[in-house]
Amino acid sequence: MPENLRTTAAWRIALWTTLAFSAGTFVAFSIVYLLMAQEIWARSDAWLTGEARVLAQVAKNTPQDNLYDKIVEEVAELAMHEVPDERSSGGERLNYVFFLRVNHSPTEDILFVGPSSKDAFWRAIQQAHFAEGSPKSIRVEGWQPAFRVVEQVQEGSPIYLGLSERGAQHVLHTLTNRFLLVWTGTVFLGFLISYLSTRRTLRRVERITETVARIGSEGLDERLPEPAGSDEISRLAKTFNHMLERIQASVKQLRSVTDGVAHDLKSPVTSIRGTLESALSAENGEHWRDSVAQAIEGLDRMSALLNTVLDVTEAKAGALPMERVPVDLSAVVTQLVHLYLPAMAEKQHEVKTDLESGVVVEADLGLMNRTLSNLLENELIHLPPGCTIDIRLRSHDGHAELVIGDNGPGFPPEIGSRVFERFVKGKHSPGNGLGLAFVDAVAQAHGGTVTISAGLREGATVTLSLPVAEITPARG
Amino acid sequence: MRLSASHSGTQDLSIESKLPMRLLLVEDDLSIQRFVERALVEAGFQVDASADAKSAEALAVEGIHDAFIIDLGLPDMDGLDLIARCRAHGSAAPVLILSARRSVDERVKGLEQGGDDYLTKPFALAELLARLRNLLRRSSTSQKEPLRLEVADLQVDLIAREAKRGDRILQLTPQEFSLLEYLCRNAGRVVTRTMILDHVWHMRFDPATNVVDVHIYRLRSKVDEDDRQPLIHTIRGVGYVLKHA
């Protein structure tokens with residue numbers, strides 16, 4: 001757990017999610033609130049107009065006798081009791097209703113049924129302008145909040161029915177309060193859940209970080225635990241493991257290269273040093289000459305090794321400078337075979353060739369010469385005397401295929417498919433283990449492949465396949 | 001070392017001027033500079049050596065050198081820039097570039113096509129001398145191509161592509177003839193296996209096997225058959241030389 005909470009990604013993610021969540025819910029509540037308020041007002045207005053119409057009807061139908069006022073008052077009282085008698089938790093009455101009827105004939109007479117004296121209400125009504133049948137909010141002195149009042153005129157005598165807005169406001173207030181309570185709780189809970197789940201997820205990332213840090217400092221053998229499933233973090237872990245696999249492979253290869261270089265350079269250095277040292281203590285001039293010549297030969301082998309190592313490394317890195325021109329592979333192979341024939345004959349090898357003519361590839365001529373000579377040198381170096389070497393060149397399916405096979409002992413089983421790696425060679429191989437690595441790298445640089453297989457009659461077969469050139473050279 | 005064998009070669013080149021050719025050697029590694037200078041002096045050249053580009057440029061502007069030998073990795077300037085500056089000063093002397101880098105970059109290739117040459121380290125002194133002579137021969141007024149070469153009682157007819165040792169006609173394959181021709185053209189000078197591969201088979205690589213030697217043995221068995229006077233000699237650690245012992 002990092003010391004400062006606020007710098008963690010979990011904190012930030014939770015914070016932002018919560019912010020977005022609370023803003024969203026707030027907007028949603030506001031919409032609900034508006035709709036509800038609208039509905040409440042519409043309901044109270046509907047009640048007011050309906051009730052006022054009933055009262056007007058009653059006033060109209062009641063005979064205008066002494067009991068008239070009594071009856072109307074009675075009906076008004078009844079109507080008022082239809083309003084649900086909502087009370088707040090404190091027992092305060094919420095739904096104040098008043099009824100006021102102005103009777104112009106025979107005398108100015110006001111019938112009032114309401115919570116207090118009629119004067120304040122009458123004054124407020126006189127100041128307001130009503131459209132008949134549509135409710136209107138008016139302020140009544142001494143009353144908070146306003147009253148919703150509807151006017152219904154009946155035979156010149158207006159009837160006013162008013163309902164305090166307190167009830168509706170109370171409902172909305174309660175709604176708002178409860179929402180705020182629930183909203184705060186939800187937001188807090190949401191933040192907590194979001195923070196904890198994000199932290200849990202990021203803990204896995206943290207574990208990957210820790211493991212990778214450990215791998216960086218200790219060794220490449222460790223691997224990240226790969227959780228089941230395939231979510232992003234599992235994929236991250238898998239990708240890391242793949243990367244580690246590759247890094248380990250290249251480090252291993254690099255190590256084998258450095259080991260190889262060290263080994264292959266140390267022995268000639270030792271022998272050259274020894275040779276020169278013995279020359280120093282010798283008296284004989286002929287011995288000196290011999291030693292110096294031997295030393296030069298050793299140095300030449302060393303410099304050849306260095307060159308090859310550099311070439312292979314460059315080729316593997318795709319950094320070999322190449323000048324690709326149409327190369328008549330048939331001619332190049334023929335020339336090389338002629339170059340190597342005497343040396344092969346010296347070792348009593350029988351060389352059989354079957355070369356298709358006019359096979360043209362687009363390649364760097366120098367690299368081709370060195371690659372092919374590498375393959376032929378391999379035969380010279382590795383075969384015991386008296387073998388048969390089969391060299392075939394064919395072009396088919398857009399590829400030039402050079403097959404060099406022999407009936408020698410074949411590739412040592414212990415190197416298996418690793419023949420193309422640098423410094424991989426058989427235990428008793430006199431070579432440096434770079435030849436085929438170079439051939440492979442050059443083949444790949446030319447968009448081709450090189451493969452090995454055991455020949456039909458044991459032996460070894462190397463097949464070099466290169467894409468043939470699309471254009472034919474001006475001269476063969 | 002039998003480098004003294006190459007004296008005769010330099011004398012050929014100096015026939016016209018009667019003066020020793022003068023070379024400018026620019027190499028910052030003093031151990032290399034020292035042995036190259038000694039080899040060049042032994043081969044009959046007059047050598048000015050310099051370890052940095054600045055002093056080399058000062059020498060080059062004098063315009064007294066027949067060829068430059070320039071190392072690419074100089075402490076104060078890239079060797080190629082030095083060559084460009086020498087050219088800008090109007091010097092037309094051919095350049096032999098020494099490079100520690102195995103792969104030769106495009107700019108060097110460009111120079112090579114322009115008539116200059118390059119050699120990668122490590123190199124055999126024999127090859128350095130051979131390439132230098134080549135450069136000097138190319139830059140001097142073109143000598144007449146000889147029609148026949150003669151060394152002792154060996155005669156090589158370049159037109160008929162026929163070789164004779166005394167009265168005996170040598171039965172040579174075309175490859176063997178080319179090899180003999182190359183040895184004869186360089187009679188008295190040591191040639192390395194790499195040089196032979198380069199000039200006879202036009203391939204530039206260092207063979208790891210005795211592939212070139214076998215050709216030489218075969219040629220020798222024909223040329224020096226009854227070894228009254230062997231002409232083809234092995235210089236251990238270096239290469240071969242064709243000469244009248």
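Summary table below
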quantity	calculated
Some residue of the range B:131-138 being under 30 Å from B:Ile83 (Cβ atoms), in contact with a Ser or Thr (Cβ under 6 Å, 6 or more places away or on another chain) and among the charged types (D, E, K, R)	no
Hits in the range A:349-379 (condition: more than 14 Å from B:Phe205 (Cβ to Cβ) and touching a Phe, Trp or Tyr at 6+ places or on another chain (Cβ under 9 Å))	A:Val351, A:Glu379
Single unsatisfied condition, A:Leu376 versus (1) out of contact with any strand residue (DSSP E or B) (no Cβ under 7 Å at 6 or more places or on another chain); (2) at pLDDT 90 or above; (3) more than 20 Å from A:Thr449 (Cβ to Cβ)	(3)
The range A:316-334, subset within 41 Å of the chain's Cα centre (by Cα) and of a type in the set (A, V, I, L, M, F, W, C), residue farthest from the other protein chains (Cβ to nearest Cβ)	A:Ala317
Checklist (1) within 13 Å of chain B (Cβ to nearest Cβ); (2) over 45 Å from the mean Cα position of the chain (by Cα); (3) at positive phi applied to A:Ala295, failing item	(3)
Test: residue in the range A:268-283 that is closer than 27 Å to A:Val419 by Cα and touching a residue at least 24 places away in the same chain (Cβ under 8 Å)	yes
Selection count, the range B:37-91, where residues are in contact with a Cys (Cβ under 9 Å, 6 or more places away or on another chain) and within 19 Å of B:Leu125 (Cβ to Cβ)	2
Qualifying positions in the range A:225-261 - among the charged types (D, E, K, R) and free of Cβ contacts under 8 Å to residues at least 40 places away in the same chain	A:Glu226, A:Asp231, A:Glu232, A:Arg235, A:Lys238, A:Glu245, A:Arg246, A:Lys252, A:Arg255
Close pairs (9 angstrom Cβ cut-off, 6 or more residues apart or separate chains): assigned by TED's automatic domain parsing to the domain that holds A:Thr258 in the range A:431-456, crowded, with 20+ Cβ neighbours inside 10 Å and at pLDDT 85 or above anywhere	none
Qualifying positions in the range A:221-241 - in a loop (DSSP other than H, G, I, E, B) and either under 13 Å from A:Thr209 (Cβ atoms) or touching a Gly at 6+ places or on another chain (Cβ under 6 Å) (or both)	A:Leu224
Within the range A:359-418, considering residues that are of a type in the set (S, T, N, Q) and over 21 Å from A:Val442 (Cα atoms), the one surrounded by the most Cβ atoms within 10 Å (Cβ to Cβ)	A:Asn407
Helices (runs of 4 or more DSSP H) (entirely within the range A:282-401) containing at least 1 residues that are of a type in the set (Phe, Trp, Tyr)	A:285-316, A:329-346
Scan of the range A:335-349 for residues that are more than 9 Å from chain B (Cβ to nearest Cβ) and either touching a helix residue (DSSP H, G or I) at 6+ places or on another chain (Cβ under 6 Å) or under 13 Å from A:Ile404 (Cα atoms) (or both), ordered by number	A:Val337
Total residues in the range B:206-215, condition out of contact with any Leu (no Cβ under 7 Å at 6 or more places or on another chain) and either surrounded by 21 or more Cβ atoms within 10 Å (Cβ to Cβ) or free of Cβ contacts under 8 Å to residues at least 12 places away in the same chain (or both)	3
Residue check, A:Ser250 in contact with a Phe, Trp or Tyr (Cβ under 7 Å, 6 or more places away or on another chain), assigned to a helix (DSSP H, G or I) and either aromatic (Phe, Trp, Tyr) or within 24 Å of A:Leu310 (Cβ to Cβ) (or both)	no
Top-ranked residue in the range B:192-205 [being surrounded by fewer than 20 Cβ atoms within 10 Å (Cβ to Cβ) and either free of Cβ contacts under 8 Å to residues at least 12 places away in the same chain or among the charged types (D, E, K, R) (or both); ranked as farthest from B:Glu181 (Cα to Cα)]	B:Arg204
Residues (under 14 Å from B:Arg218 (Cβ atoms) and hydrophobic (A, V, I, L, M, F, W, C)) located in the range B:159-183	B:Ala163, B:Leu170, B:Leu172, B:Phe177, B:Leu179, B:Leu180, B:Leu183
Residue in the range A:268-284 that is within 12 Å of another protein chain (Cβ to nearest Cβ) and either in contact with a Leu (Cβ under 6 Å, 6 or more places away or on another chain) or not aromatic (Phe, Trp, Tyr) (or both) present	yes
Residues of the range A:306-315 satisfying the condition of being more than 9 Å from chain B (Cβ to nearest Cβ) and more than 24 Å from A:Val403 (Cβ to Cβ)	A:Val309, A:Thr313
Filtered residues of the range A:231-271 (kept if in contact with a helix residue (DSSP H, G or I) (Cβ under 8 Å, 6 or more places away or on another chain), closer than 17 Å to A:Leu220 by Cβ and of a type in the set (Ser, Thr, Tyr))	none
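Every residue, every condition in (1) surrounded by 11 or more Cβ atoms within 10 Å (Cβ to Cβ); (2) modelled with pLDDT of 85 or more, yes or no:
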position: A:Thr8; (1), (2): yes, no
position: A:Trp11; (1), (2): yes, yes
position: A:Ala14; (1), (2): yes, yes
position: A:Ile31; (1), (2): no, yes
position: A:Leu35; (1), (2): no, yes
position: A:Trp47; (1), (2): yes, no
position: A:Gln57; (1), (2): yes, no
position: A:Pro63; (1), (2): no, no
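The values are calculated or read from the model by the stated rules, or taken from the named source; none is laboratory data. Since this is a predicted model, take the numbers as computed values, not measurements. As a convention, Cβ positions derive from the backbone with ideal geometry for all residues, glycine included, and neighbour counts pool all protein chains shown.
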